[in-house]
Amino acid sequence: MASLHESTWRRAAADTRSVLLTLRFWLFELCAGGVLTIWVLLWQPPWASRGVAMVLYQVLVPLGGILTGLVLLFLVSVVVAPYRQRNELRVQLAGRLGLDQVLNELGQLRAEGVSLRNEARYDIEDEQQLQTWKGREVSWLNRLVQKVRQLSPVDASFIETINEFEPTEKHSSIGDLTLQRDLIQERLKRLEALMSRYQQ
């Protein structure tokens, strides 16, 4: 992945090394070397048709062709490297902006969850307020799970299923909101841990 501190030469060298590790490149070099060898054998100049000159010519020309291919590969990498770095940095920036947007929305949902928790602790005095609060809590949970799923389906599933049991009649009345408060608190803890991981 591209970095603002990565030089073009270093990136070109890294790209060259990665290409050298591919079978496709060496197949290309083998084909190019074969063509050069045939050319050497068929169109050998008169001065290279005897003795040591013939041996050197038949060895050095194909070898020179392979070395030329390596040099050309590096030069192409030098030319292409800045564009690859630019495109990768654009992708990174877009991903970072998208992540920041999700984290901002999760921060807003966290604040809403804290408000719901505090209301359950202090502000609900009758059944009508309880039903209104329950509707807001369900809406908050659905939006929270949907947003968390964009970062981590595992955490979203955990937050969604943290209360896979039926509340008793006592817990569903204003006489005891301890269970609802505790469930919200557990979800907030999981949310804070998730946000902390992605903010590092």
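Assorted remarks:
- Within the stretch 126-182, the set of residues being at pLDDT below 85, in a helix (DSSP H, G or I), of a type in the set (A, V, I, L, M) and touching a helix residue (DSSP H, G or I) at 6+ places or on another chain (Cβ under 7 Å) is empty.
- Scanning the stretch 104-118 for residues being within 16 Å of GLY135 (Cα to Cα) and either without any contact (Cβ under 8 Å) to a residue 12 or more places away in the chain or outside any helix (DSSP H, G or I) (or both) gives a total of 2.
The values are calculated or read from the model by the stated rules, or taken from the named source; none is laboratory data. In this text the structure is predicted, and so the values were computed from the model without any measurement. Because the Cβ atoms are built from the backbone with ideal geometry, glycine has one as well, and the counts that use them run over all protein chains shown.
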